[in-house]
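Asker: Structure provided below as structure tokens; questions to follow.
Throughout, read-outs are computed from the coordinates displayed, never taken from laboratory work. A quick note: this is a predicted structure, and the numbers were derived from the prediction, not measured. Heads up, the Cβs are rebuilt from the backbone with ideal geometry, glycines too, and the neighbour counts pull from every protein chain shown.
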Amino acid sequence: MIRHVVFFSARDPKDRETVYDGLSLLSGIPHASHFEIGRNLNTDPIPGPQVDFIVYAEFKDETALAAFKAHPLYERSIQIVRPLRDLRISADFLT
């Protein structure tokens, strides 16, 4: 199984809801065995950059992850989110 974790922050706080809505489009893609979007609670007491949103998904294999990224809703999400985001950090790992 592949776990896919992506952190996002909005460049401007007024765009957070638009970024969240853009990321929410990803939930309509059928290739993940588990998918969720969370809002950062910002409870970490260590100072430093904070993210606004976390996308977490699980995929059966690399083929399922590739199909997820090839879906038209993935491209639509990118079109909405990319111009408004400041930070994006992505990680995939095998479990």
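Asker: Quick one: how many residues across region 8-24 are surrounded by fewer than 16 Cβ atoms within 10 Å (Cβ to Cβ) and more than 13 Å from the chain's Cα centre (by Cα)?
Answerer: First, the residues of region 8-24 that are surrounded by fewer than 16 Cβ atoms within 10 Å (Cβ to Cβ): 11-14, 17-18, 21, 24.
This time we only want the ones that are more than 13 Å from the chain's Cα centre (by Cα), so: 11-14, 17-18.
Total satisfying the criteria: 6.
Asker: Testing V5 on (1) under 16 Å from S90 (Cβ atoms); (2) surrounded by 18 or more Cβ atoms within 10 Å (Cβ to Cβ), one condition comes back false. Which one is that?
Answerer: Status for V5: all satisfied but (2).
Asker: Does region 3-36 hold any residues that are β-branched (V, I, T) and in contact with a Phe, Trp or Tyr (Cβ under 6 Å, 6 or more places away or on another chain), and which are they? Give the derivation first.
Answerer: First pass over region 3-36, keeping only residues β-branched (V, I, T): 5-6, 18-19, 29.
Matches in region 3-36: V5, I29.
Asker: So in region 25-53, with the set limited to residues that are closer than 17 Å to I89 by Cα and among the small types (G, A, S), which one is nearest to the chain's Cα centre (by Cα)?
Answerer: G38
Asker: A further question on this structure: Filter region 41-95 down to the residues that are in a helix (DSSP H, G or I) and among the hydroxyl-bearing types (S, T, Y), then identify the one that is surrounded by the fewest Cβ atoms within 10 Å (Cβ to Cβ).
Answerer: Taking region 41-95 first, the residues in a helix (DSSP H, G or I) are 62-70, 72-84.
Keeping just the survivors that are among the hydroxyl-bearing types (S, T, Y) gives 63, 74, 77.
Details: T63: 11, Y74: 17, S77: 22.
Among residues in region 41-95 that are in a helix (DSSP H, G or I) and among the hydroxyl-bearing types (S, T, Y), the one surrounded by the fewest Cβ atoms within 10 Å (Cβ to Cβ) is T63.
Asker: So which residues in region 54-77 are among the hydrophobic types (A, V, I, L, M, F, W, C) and either over 14 Å from A91 (Cα atoms) or over 12 Å from the mean Cα position of the chain (by Cα) (or both), if there are any at all? Break it down stepwise before answering.
Answerer: Taking region 54-77 and keeping what is among the hydrophobic types (A, V, I, L, M, F, W, C), we get 54-55, 57, 59, 64-68, 70, 73.
Of everything in region 54-77, those that are among the hydrophobic types (A, V, I, L, M, F, W, C) and either over 14 Å from A91 (Cα atoms) or over 12 Å from the mean Cα position of the chain (by Cα) (or both) turn out to be F59, A64, L65, A66, A67, F68, A70, L73.
Asker: Could you please find all residues in region 41-78 being without any contact (Cβ under 8 Å) to a residue 24 or more places away in the chain and over 15 Å from G28 (Cα atoms)?
Answerer: Listed by number, the residues that qualify are L41, N42, T43, D44, P45, I46, P47, G48, T63, A66.
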